[in-house]
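The next block holds one structure in the form of structure tokens; read it before the comments.
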Amino acid sequence: MSSSLPIIDVTPLRADGDTTSVAREIEAACRASGFFYVTGHGVRAELLERLDAAAREFFALPEEEKLEIAMARGGRAWRGYFPVGGELTSGRPDLKEGLYFGAELAADHPRVRQSMPLHGPNLFPRQVLHLRQAVLDYVAALTDAAQTVLRGVALSLDLEPRYFEDSYTASPTVLFRIFHYPPQPADHDGWGVGEHTDYGLLTLLAQDTNAGLQVHTPEGWVDAPPIPGTFVCNIGDMLDRLTGGYYRSTPHRVRNLTGEERLSLPFFFDPDFTAEVPPLPGRAQTDAGGRPRWDGVDLQAFTGTYGDYLLGKVGKVFPQLRADVL
């Protein structure tokens, strides 16, 4: 299955190759749509297969067993399971269930001792013990892959390749989700995930063989189907902000009309929770085609830390947990 979105091989960023052409490809993609496919990322297929199998084993459990690790039990770390309809996009329930993970932090970690929101241990199911190691291995591998892509982003902006690694992502905020979309009837007007943009710097998305992701480009909505061996990469609100709107965080959405179960694994790679995000000039309320932002938010109007911004956004997705964290 093909896509109109570009495919970019980032091998030179990992192997001291010719990075100039990669940087220019990334620049063109971030200016055109904010989305592209990544190959040459170095993540082993075996790891993805192991994680996929463990995730499917979990989602096949009875709901009462899945709810043993419900997000309400994750406390301020905001981790665990939510059922279909338990997550909102623009106030409307999504047609998916999922698992929330992040960096695994012990109880004696300084940020956990400070009760910093979204920091702490993950919740793992007792019924699928091997899911734990698969998730932790995947988070480590995707952290390396995301740093690699950000080197290309830095070069595309005429910055030193380690610009982000040495500042905003020296201690990144890592958010990892596993989403399970049940088959959706063609006559159902809901969305697996409604139109939205991502919050942070960039997202690396692994998909199974079933399509459903759509991206809003200047030419309109286009499909971003699964392509074997690739991740879909897109930039988020904070990279939009840091570049003053030169790169745009682009709305996207998901509807599973394949008639099959769909599994997706979005990995969000974001600035340090405590990092200040400096205001930069640029258009903020329209995209590259002059279309109003999906949520009407002015990214340049925000001041404060990335954590402040993230908590405000996540609190709208899970309003029932908002009082426990904010």
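The values are calculated or read from the model by the stated rules, or taken from the named source; none is laboratory data. Owing to the predicted nature of the structure, the values given are computational and were not obtained by experimental measurement. Positions of Cβ are generated from backbone atoms using ideal geometry, with glycine treated the same way; all protein chains shown enter the neighbour counts.
From the list Y247, Y199, pick out the single residue that is at pLDDT below 90 and either touching a Cys at 6+ places or on another chain (Cβ under 7 Å) or assigned to a strand (DSSP E or B) (or both).
Only one candidate passes the filter, namely Y247.
Helices (runs of 4 or more DSSP H) wholly in region 14-97 with at least 3 residues that are in contact with a Phe, Trp or Tyr (Cβ under 8 Å, 6 or more places away or on another chain) and closer than 30 Å to G245 by Cβ - which ones?
Those helices (runs of 4 or more DSSP H) span 19-32.
Where residues in region 11-30 are out of contact with any helix residue (DSSP H, G or I) (no Cβ under 6 Å at 6 or more places or on another chain) and among the hydrophobic types (A, V, I, L, M, F, W, C), which of them is modelled with the lowest pLDDT?
So the residue we want is A15.
Take the residues in region 229-244 that are farther than 14 Å from V153 by Cα and out of contact with any Phe, Trp or Tyr (no Cβ under 8 Å at 6 or more places or on another chain), then tell me which one is surrounded by the most Cβ atoms within 10 Å (Cβ to Cβ).
Taking the candidates together, the pick is G244.
From F101, F164, grab the single residue that is closer than 25 Å to T197 by Cβ, in a strand (DSSP E or B) and of a type in the set (F, W, Y).
Only one candidate passes the filter, namely F101.
Among the residues of region 97-134, which ones are charged (D, E, K, R), in contact with a Pro (Cβ under 8 Å, 6 or more places away or on another chain) and over 11 Å from Y81 (Cβ atoms)?
Hit for region 97-134 is E104, nothing else.
Given the residues A145, A170, A134, which is the only one that is under 30 Å from E27 (Cα atoms), not in a loop (DSSP other than H, G, I, E, B) and not acidic (D, E)?
Just a single option satisfies the conditions, and that option is A145.
I'd like the residue in region 48-62 that is out of contact with any strand residue (DSSP E or B) (no Cβ under 8 Å at 6 or more places or on another chain) and either among the hydrophobic types (A, V, I, L, M, F, W, C) or over 14 Å from R262 (Cα atoms) (or both) and, out of all such residues, is surrounded by the most Cβ atoms within 10 Å (Cβ to Cβ).
A54
Looking only at region 166-194, which residues are surrounded by 17 or more Cβ atoms within 10 Å (Cβ to Cβ) and over 21 Å from M71 (Cβ atoms)?
Y168, T169, P172, Q184
Here's a check for you: in region 96-116, which residue that is buried (at least 20 other Cβ atoms within 10 Å of the Cβ) and of a type outside the set (K, R) is farthest from L311 (Cα to Cα)?
That would be E97.
Mind checking whether some residue in region 70-86 is in contact with a Pro (Cβ under 6 Å, 6 or more places away or on another chain), modelled with pLDDT under 95 and small (G, A, S)?
yes
Please list, ordered by first then second residue, the pairs with beta carbon atoms under 6 Å, 6 or more apart or interchain, first in region 18-32 and farther than 14 Å from I235 by Cα, second small (G, A, S).
Qualifying pairs under 6 Å: V22/G152; A23/G152; A23/S156.
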